[in-house]
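One structure is given here, and the rest of the page talks about it.
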Amino acid sequence: MEIMIVLAIMGAMVALVIPKIGNRNNEIKSEVRKLSTLTRQVRNLAKLQNSTYRLVLDLNSEGNDTHSYWLEKANKEILLTEDREENYIKSMETKELNPEAGDPQGFTKDKSVIKGTKNLPRDMIFESIEISGYEKPLRGGKVYIHFFPSGRVEEAAIHLKLDNIQWTLAIHPLTGKTDIASQYVSLKDITNQ
């Protein structure tokens, strides 16, 4: 009789824990799908609107625990300079991120595709972002992935992590198509395929 009670208690605990594990995995899959769809929408929107867009990925730059993302648009032509990695490093070192000063390139938040800032689900983070032309993966601050009126997109790999589950979204520069891998895959490995 005692064994039956113990087995019943263990069965109840397993029944409570297993759906939570499945829910966490579904949560990350849902967010990965949303980001994948977003990149295609933004690429098409940049072409249709003849504007440059950028996806802003905030990797905990404000010191809170939540990672978030949003969309910004510039109505003028934007050229990416070779020193953009150096500028990123300087902004991380000096923390000169003054939102009141405005963006020097003329980007403003765009709410046509996503309504404001989207937070990643609890405990999910952007582990790192790799962008073609940057020497090292970016692990903090605000990271920008640009979408141009010509239909080109900055080649990038977005690495998401929730507990021990990792996903990589690889953005193709010509098509804006996003390939999804259910593991960490470096941008170098993606481009060599």
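The values are calculated or read from the model by the stated rules, or taken from the named source; none is laboratory data. On a predicted model such as this, the values are computed, not experimentally measured, just so you know. A quick note on method: Cβ atoms are made from the backbone with ideal geometry, for glycine too, and the neighbour counts reach across all protein chains shown.
So which strands (runs of 3 or more DSSP E) stay within region 99-175 end to end and still have 2 or more residues that are free of Cβ contacts under 8 Å to residues at least 40 places away in the same chain and within 16 Å of residue 187 (Cα to Cα)?
So the answer is 156-162, 165-171.
Scan region 176-187 residue by residue and report those that are touching a helix residue (DSSP H, G or I) at 6+ places or on another chain (Cβ under 8 Å) and not in a strand (DSSP E or B).
Within region 176-187, 176, 177 qualify.
Is there a residue in region 72-83 that is surrounded by 15 or more Cβ atoms within 10 Å (Cβ to Cβ) and modelled with pLDDT of 90 or more?
Yes, the conditions are met somewhere in region 72-83.
Checking the condition within 12 Å of residue 59 (Cα to Cα), of a type in the set (Ser, Thr, Tyr) and either in contact with a strand residue (DSSP E or B) (Cβ under 8 Å, 6 or more places away or on another chain) or surrounded by 16 or more Cβ atoms within 10 Å (Cβ to Cβ) (or both), which residue from 134, 144 passes?
After applying the criteria, what remains is 144.
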